[in-house]
Every structure is written in structure tokens, then in C-alpha cells.
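The values are calculated or read from the model by the stated rules, or taken from the named source; none is laboratory data. Since the structure is predicted, the reported quantities are computational estimates derived from the model, not experimental observations. Virtual Cβ from ideal backbone geometry, glycine too; neighbours counted across all protein chains shown. Ligands, DNA and RNA are excluded from the accessible area calculation, which covers all protein heavy atoms including side chains. Shrake-Rupley method; radii C 1.70, N 1.55, O 1.52, S 1.80 Å.
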Amino acid sequence: MSELKTYTIVIKLGSSSLVDDKTMEPKLSIMSLMVETVVKLRRQGHRVIIVSSGGIAIGLGTLHLGKRPKKLAAVQAIAAVGQGRLIGRWDLLFSQLGQRIAQILLTRTDILNWNQFTNAQNTINELLDMGVVPIVNENDTLSIREIKFGDNDTLSAITAALVGADYLFLLTDVDCLYTDNPRTNPEATPILMVPDLSEGLPGVNTSSGGSDVGTGGMATKLVAADLATNAGVHTIVMKSDVPSNINKVVDDLQRLDLDSDLNKKKYANIDSQELQRSELERLTKQEVPLHTTFISNDNKHHLKNREFWILHGLVTQGAIIIDRGAYNALTRKNKAGLLPAGIIDVEDSFHELECVEIKVGQRLPNGDLDTNVPLENVGRARCNYTSSEISRIKGLQSQEIEKVLGYSEGEYIAQRENLAFPPNQTD
């Protein structure tokens, strides 16, 4: 019998999994069981990272506040109170089993620079090599709306991509993805396997919201699953109330081996309804708890580290509008950089090397943008020139740049390593 694979696993726990949304008291039993689960995974050779919400929720309970205030400074102060207590509880529980942990607090500004992104990556990987369990959370004490990841589902997907994880576990208050809310619709059926999330989820209602103490819901988990699978990370959505079920799912994944050529071929060719029926039968036979598995994109369509960073780590400051010919050139296999000839217009103001959206538009015969044709948002770029400079050289040949500006920062508006497009848009 071949040796079982070991994995790098990211486990995301939401506020509602850690704090009672009515009493604001911590769910110590869930935290204790999660600690036992993680330690067991570690002893089996897996590398584990926890993305833990709950700082604000615990702060609310500590300060005996009934609800989250609207004032940003108040929320940040509450986070400062709760974050210390949260990591203290994790440390106390893990220490009972001799497991060391490390706290990592992130804001998007911590990864806006490529060197900072790789430093965060190296630090987390070094902790894993030391046998430490990193516990990651957004630094709510410092985050403002413009630099927030949005929710910890998104943060967990970025963390999973950052370290090249094999699996991301998104824990929630339902056992898997359903075609509709199973609490209100008894006809809802489980979706247990999603081979390609980029093809959408026809017939699935994902509009249910999160709890009073959290910011997530199933919709945010689907966004996180999309981010993670694009980066090559298989993603699992499952219920949080029995943490030991994670061990059962991981054991099943080791037997199944989603990355085998046989399984890839099977999932690519099977009818969706038949896939759900066969997966339900298999899980029931193996006595594995219900869960939804989102299979990662194949290797050909994985986002590289730098592409993922540009698409999901940076905050955009404006947009450049290009024509269809430029877009086709940028998304081919051996893509070139973006030349000024392909640019129709610029939106908003930005400095050089700031991140901007790339939009495709229609050019009028006189070269101007046809405002009657809707723009298509297709990717992101870091430009070598400012918005005002690009406005002056748009539509020109590269050799004309110096004549118009009096200087040149190179022939390309954005070099190929500073361009990024979602995997389903590239050859």
C-alpha cells in the first residue's frame, strides 16, 4: 500500500463558530475540539493554519455591549480588546497538548508591496516548517474599509493561496452547499462536488446572509472558493459544530486523491446530477459527513503567485480601457506587454505602479471611446506611467512616447509581469 499524502491545510473559523451570537459568550467546547482536531492533523504529518475570526465578537462580550457599534473607532477599539483575549484562549488550549502557535495579524496594506507579500509567505512557511500552527486574523484594530479584505472567508482564501495550500476548509453553520436554504425550503438538495466553479452554479440560491456577530454567509464562501480554486487550492465547505469531522474528511480525501488523473477525467465527463448522486452514495457508504468539495482548476489554469497578488492583494486606483485587439494579445499564451497603441481611454487618477482595472471597450473611427458600448472588466495591471501620462500617449506607437512626453519609461504601458487576468480568460 502506498504511503498516504500529507497536506497543507487552512481551516477558517467564523465568529459564529466561536462566539454565541445571542449571549456573546465564547464557545469553549468548539474551540477545545478544534484544538484536538488540529493537533491530530499535525501528528499525522499535515501542516495546518487557522484563520480565526472572533476578535470583535469577543470584545463585544468582554465589554458587555449588546451590538456592534457603527462608529469605526469604536469597532477598532473593541477589536483591540477582543483580539488579545482570542489569541490568549487559543494559546491556553493548544498549550494543554504541547502545540505551539503564532499570531499573524494582516491588513491589505501588509501585502500591497510584492516584497511584503513574499515576506508574509516566507514567514508563514517558516512557522509551518518549525511545527508551529499559525493563527491568522485580519487586524481589525487598524483596518479601514478601503484596505479591508472584506471578510475572513476572503482572507482565508488569500492565505491558502499565499502558502500554496492543498486544501481550504471553510466552516459554517450548514453541512454543505444546497440548492436553496434547507432551513426554509425542505426541497433543497445538497451539492457535494463542484468540478469547475467558473462554470457557475445554475439552480443554486446563495442569498442567505451571515450571523449577527459575523460578516460572512454562503455567498462569501463561494467567492472565497473561487479565489482559492483559481490558485490551485481544493476548497471544502462543511459544518463547524463537530470539528473532528475535519479528520474524517481529510482521511477520505487521502483515499480519494482529487489530483489523480483518473479522478480528473471522471469529474470532467460525468453529468452533474449523476455526480451528486454518486458522491452522496460514496460518502454515506464511507460514513463521511456531508460536505461540499470545490475542485481546483487544473495546473494549466492556476494563477501564479504574482498574478494572484495583483488580482486579489492590491487595491485598484483607476482603470485603463483597451481595445479588443490589445486584449487578445495580452491573453494569449506568450503574452506581450501592454502597448500604448491598444489603449482607448483612462478612468480616474493614479500614479505609476499603482494597480488599475483593465477594461475592454469599443473604439470609434476617430479613435475615441464608444460610450454606447458597455465596458467589460477583464483584469488588472500595474502601469509604468501615470494616468495623465497615459492620457497623452494613448493610441500612439511606442516610439512616439518620448516625443510627446519628453522622456520615456519604456515601450510598454504595463510589462507582462505586471498584468493579471482570471484563469478562464487566458489560453
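Quick notes
- Listed conditions (1) touching a Leu at 6+ places or on another chain (Cβ under 8 Å); (2) touching a residue at least 24 places away in the same chain (Cβ under 8 Å); (3) of a type in the set (Lys, Arg) are all met by Arg42, apart from (1).
- For the stretch 338-363, a residue qualifies if it is touching a Gly at 6+ places or on another chain (Cβ under 8 Å) and either part of a loop (DSSP other than H, G, I, E, B) or under 30 Å from Glu138 (Cα atoms) (or both), and the qualifying residues are Asp348, Ser349, Phe350, Glu354, Val356, Glu357, Ile358.
- Any hit, the stretch 52-61, residues being among the hydroxyl-bearing types (Ser, Thr, Tyr), farther than 30 Å from Gly164 by Cβ and touching a helix residue (DSSP H, G or I) at 6+ places or on another chain (Cβ under 8 Å): no
- Thr107 open to solvent by less than 40 Å² (accessible area, probe 1.4 Å), on the phi < 0 side of the Ramachandran plot and at pLDDT below 85: yes
- Filter result for Ser387 (of a type in the set (Gly, Ala, Ser) and under 21 Å from Asp348 (Cβ atoms)): yes
- Scanning the stretch 61-80 for residues that are over 27 Å from the mean Cα position of the chain (by Cα) and surrounded by 17 or more Cβ atoms within 10 Å (Cβ to Cβ) gives a single hit, Gly61.
- Test for Leu330: is it more than 22 Å from the chain's Cα centre (by Cα) and either charged (D, E, K, R) or closer than 29 Å to Val233 by Cβ (or both): yes
- Any hit, the stretch 416-426, residues being over 30 Å from Leu197 (Cα atoms), surrounded by fewer than 16 Cβ atoms within 10 Å (Cβ to Cβ) and either among the hydroxyl-bearing types (Ser, Thr, Tyr) or under 30 Å from the mean Cα position of the chain (by Cα) (or both): no
- Filter result for Ile56 (modelled with pLDDT under 90, surrounded by 20 or more Cβ atoms within 10 Å (Cβ to Cβ) and among the β-branched types (Val, Ile, Thr)): yes
- Those helices (runs of 4 or more DSSP H) of the stretch 252-337 in which at least 1 residues are open to solvent by less than 30 Å² (accessible area, probe 1.4 Å), of a type in the set (A, V, I, L, M, F, W, C) and in contact (Cβ under 8 Å) with a residue 60 or more places away in the chain, considering only elements entirely within it, cover 272-286, 305-308, 324-330.
- Residue within the stretch 234-248 that is open to solvent by less than 20 Å² (accessible area, probe 1.4 Å), among the aliphatic types (A, V, I, L, M), at pLDDT 90 or above and assigned to a helix (DSSP H, G or I) present: yes
- Residue in the stretch 142-152 that is assigned to a helix (DSSP H, G or I) and under 14 Å from the mean Cα position of the chain (by Cα) present: yes
- Selection count, the stretch 6-40, where residues are farther than 18 Å from Pro134 by Cα, of a type in the set (Lys, Arg) and surrounded by 14 or more Cβ atoms within 10 Å (Cβ to Cβ): 1
- Test: residue in the stretch 348-360 that is polar (S, T, N, Q), open to solvent by 50 Å² or more (accessible area, probe 1.4 Å), modelled with pLDDT of 85 or more and touching a helix residue (DSSP H, G or I) at 6+ places or on another chain (Cβ under 8 Å): yes
- Some residue of the stretch 368-381 being of a type in the set (A, V, I, L, M), in a helix (DSSP H, G or I) and buried (at least 18 other Cβ atoms within 10 Å of the Cβ): no
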